[in-house]
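**Student:** Next up is a structure, given as structure tokens.
The values are calculated or read from the model by the stated rules, or taken from the named source; none is laboratory data. Just so it is clear, the model here is predicted, and its values are computed rather than measured. Note that each Cβ is placed from the backbone with ideal geometry, even for glycine, and that neighbours are counted across all protein chains shown. These area figures cover heavy atoms from the full protein model, side chains too; ligands, DNA and RNA do not enter into them. Shrake-Rupley method; radii C 1.70, N 1.55, O 1.52, S 1.80 Å.
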Amino acid sequence: MKADILTEKHKLGLGGVAIGTAFEPLTDGESYEVLQKAWDLGIRYYDTSPWYGLTKSERRFGNYLHSQNREDFVLSTKVGRLFAEVPEDEVPPTMWQDPLNFDFEHNYTADAIKRSIEESLERLRLNHIDIVYVHDLSEDQVGDRYPYFLKQAREGAFKVLSELRSQGVIKAWGMGVNKIEPILDCLDSADPDICLSATQYSILEHEDAVDRLLPAVKKAGVKLVSGAGYNSGFINGRPRYNYKDVIPKGMTEKRDRISAIAKRYDIDIVDAALQFVLAADEFVSIIPGASKPQQVEDNVKALEKNIPSDFWKELQSEGLIYGKAQVPG
């Protein structure tokens, strides 16, 4: 990585989607319990976004982290949407269960990026942001306006973020997206340091990333952070897959087969899912979210769990892991 920010101690971070009430309402107090547990267990990389809960997640992270020593942790947030306060009856329908009363618009111009960072700093109550991700610049979020917004970002966001990095205002930047193509497009036209790759690489689904994404970022000297490494809770048994209610054909059976094999080795599929992602050289961190302190504890235990090499060999021999994918060990 051009900016060596995320080190060995940051390989397990905390993502802010659940704290932004993605799946269930969460009180401020409950969110601070999660953040306190993460801090107590040594987690020092925190990822949030103004999008999560329509600015709620950023505020919660800020309220907790501003009292910690700023040099002791790494924080990333995101740009690409601007927010305006509106009456509660004008809040647009979103995935958030209990958002704040804001409306939003996608905007990847230079001025919008500068404004977004300034507003994030206010909400976070911090004096600087370490990593900035260009958020949701992908067809699954902006539809057929992707070429328009990509052009806007090439002329605006990508350039201004490189300038802010050279000025020392931020330490690193990259894409934060759910698809492979936007990262490849960014690599073609800019010089990112690190990208947040969400929903593209998990123990259940990784073939396309192995073939197309990992070689490209390796060649560019760019590192990856994994978001939704548990397929947004599906690996844990939740009735959703990559933030959607539709489960892809065959995925339930695949998950259950891996779970059954894991049980025979006295491990859990969560242990395997977390360690599988981090086995790839290109991934420097995984940032599962949590809505309860126990989930943070489970992630720390999964990171430390000893998994026999025979387990990985069995998954490979059963065709449950792509032959070209790296495995631990």
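**Student:** Multiply the residue separation of Gln97 and Asp28 by 0.36 nm, subtract the distance between their alpha-carbon atoms, and state the gained length in nm to one decimal.
**Tutor:** Full extension of this stretch gives 23.5 nm more.
**Student:** I would also like to ask the following. Per-residue HN-Hα couplings for region 205-212, Karplus 6.51 cos²θ - 1.76 cosθ + 1.60 at θ = phi - 60°, whole Hz, x for Gly and Pro?
**Tutor:** Each residue's phi maps through the Karplus curve to give 8, 8, 4, 4, 5, 4, 6, 10 Hz.
**Student:** Going by Cα centres, region 136-202 and region 34-56 are how many Å apart?
**Tutor:** One Cα centre to the other: 22 Å.
**Student:** Same structure, new question: List the aspartates and glutamates whose Cα lies under 20 Å from the Cα of Lys159, skipping any in the same chain that are fewer than 8 positions away.
**Tutor:** Asp111, Glu118, Glu119, Asp130, Asp136, Glu181, Asp185, Asp188, Asp191, Asp193
**Student:** For region 178-277, take the alpha-carbon Rg, divide it by the Kirkwood Rh, and send me Rg/Rh.
**Tutor:** With Rg and the Kirkwood Rh in hand, the quotient comes to 1.02.
**Student:** Can you list the HN-Hα couplings for region 35-44, worked out from phi with the Karplus curve (6.51, -1.76, 1.60; θ = phi - 60°), rounded to whole Hz and with x for Gly and Pro?
**Tutor:** 5, 5, 4, 4, 4, 4, 8, x, 6, 10
**Student:** Here's another thing I want to ask about it. Run lengths n ≥ 4 of DSSP H only: what is the helix-derived mean residue ellipticity at 222 nm for the chain, with -39500 (n - 2.57) per run over all residues, to the nearest 500?
**Tutor:** It comes out at -11000 deg cm²/dmol, rounded to the nearest 500.
**Student:** Continuing with the same structure: At 1.002 mPa s and 20 °C, plugging the Kirkwood radius over alpha-carbon pairs of region 113-189 into Stokes-Einstein gives what diffusion coefficient in µm²/s?
**Tutor:** 164 µm²/s
**Student:** Here is a further query. Could you give the dipole magnitude of region 65-114 about its Cα centre, charging the beta-carbon of Lys and Arg +1 and that of Asp and Glu -1, in debye to the nearest 20?
**Tutor:** Computed about the Cα centre, the dipole is about 360 debye.
**Student:** Another question, then. Please state the relative contact order of region 209-329 as a whole percent: Cα pairs under 8 Å, 6+ residues apart?
**Tutor:** 29 percent
**Student:** Please list 315-321, 92-98 highest first by mean number of surrounding beta-carbon atoms within 10 Å per residue.
**Tutor:** The packing order, highest mean first, is 315-321, 92-98.
**Student:** Pairs of lysine in region 1-136 with Cα under 23 Å and at least 8 positions apart or on different chains: total?
**Tutor:** Step by step, the pairs that qualify in region 1-136 add up to 11.
**Student:** State the percentage of accessible surface on the chain attributable to carbon and sulfur atoms; use a 1.4 Å probe and exclude ligands, DNA and RNA.
**Tutor:** 46 percent
**Student:** List nothing, just return the count: lysine pairs in region 197-329, 8 or more apart or interchain, with Cα separation under 26 Å.
**Tutor:** Final tally of qualifying lysine pairs is 27.
**Student:** Peptides 200-206, 113-119: what's the order by average Cβ count within 10 Å, highest mean first?
**Tutor:** 200-206, 113-119
**Student:** List the residues whose amide H sits under 5 Å from the amide H of Arg81, counting only those 5 or more places along or on another chain, with H placed 1.01 Å from N in the peptide plane.
**Tutor:** Asn107
**Student:** Related question: Take the Cα radius of gyration of region 44-173 and divide it by 2.2 N^0.38 Å, with N its residue count; two decimals is plenty.
**Tutor:** Computed over Cα atoms of region 44-173, the ratio equals 1.05.
**Student:** Moving to a separate point now. For the chain, give me the percentage of DSSP beta bridges that are antiparallel, rounded to the nearest 5 percent.
**Tutor:** Expressed as a percentage, antiparallel bridges in the chain total about 20.
**Student:** Scan around Thr7 for amide H atoms under 5 Å from its own, H built in the peptide plane at 1.01 Å from N, and keep only partners 5 or more places away or cross-chain.
**Tutor:** Those qualifying (amide H under 5 Å, at least 5 residues apart or on another chain) number zero.
**Student:** Taking amide H positions as placed in the peptide plane 1.01 Å from N, state which residues far from Asn242 in sequence (5 or more) or on other chains have amide H under 5 Å from it.
**Tutor:** Result for Asn242 returns Ser232, Phe234.
**Student:** Between Lys305 and Lys263, what length comes free when the chain is fully extended (0.36 nm per residue of separation minus the Cα-Cα distance, one decimal in nm)?
**Tutor:** The Lys305-Lys263 span can extend by a further 13.8 nm.
**Student:** While we're on this one: Per residue, how much accessible area does the chain have with a 1.4 Å probe, in Å²?
**Tutor:** 43 Å²
**Student:** Related question: Over the chain, with a Gaussian network built from C-alpha contacts below 10 Å, which listed residue (Val177, Val222, Val246) shows the highest mean-square fluctuation?
**Tutor:** Taking springs between Cα atoms under 10 Å, the residue moving most is Val246.
**Student:** Find the Cα radius of gyration of the chain, compare it with 2.2 N^0.38 Å by division, and give the number to two decimals.
**Tutor:** Cα Rg divided by the expected 2.2 N^0.38 Å: 0.95.
**Student:** While we're here: Go ahead and set up a Gaussian network model of the chain, Cα springs under 10 Å, then flag whichever of Asp185, Asp144, Asp28 fluctuates most.
**Tutor:** Taking springs between Cα atoms under 10 Å, the residue moving most is Asp144.
**Student:** With θ set to phi - 60° and the Karplus curve 6.51 cos²θ - 1.76 cosθ + 1.60, what are the ³J(HN,Hα) couplings of region 132-144 in order, to the nearest whole Hz, using x for Gly and Pro?
**Tutor:** Using θ = phi - 60°, the values come out as 10, 9, 7, 9, 6, 7, 7, 4, 5, 10, 10, x, 6 Hz.
**Student:** For the chain, calculate the relative contact order in percent as a whole number, restricting contacts to Cα pairs under 8 Å that are 6 or more residues apart.
**Tutor:** 19 percent
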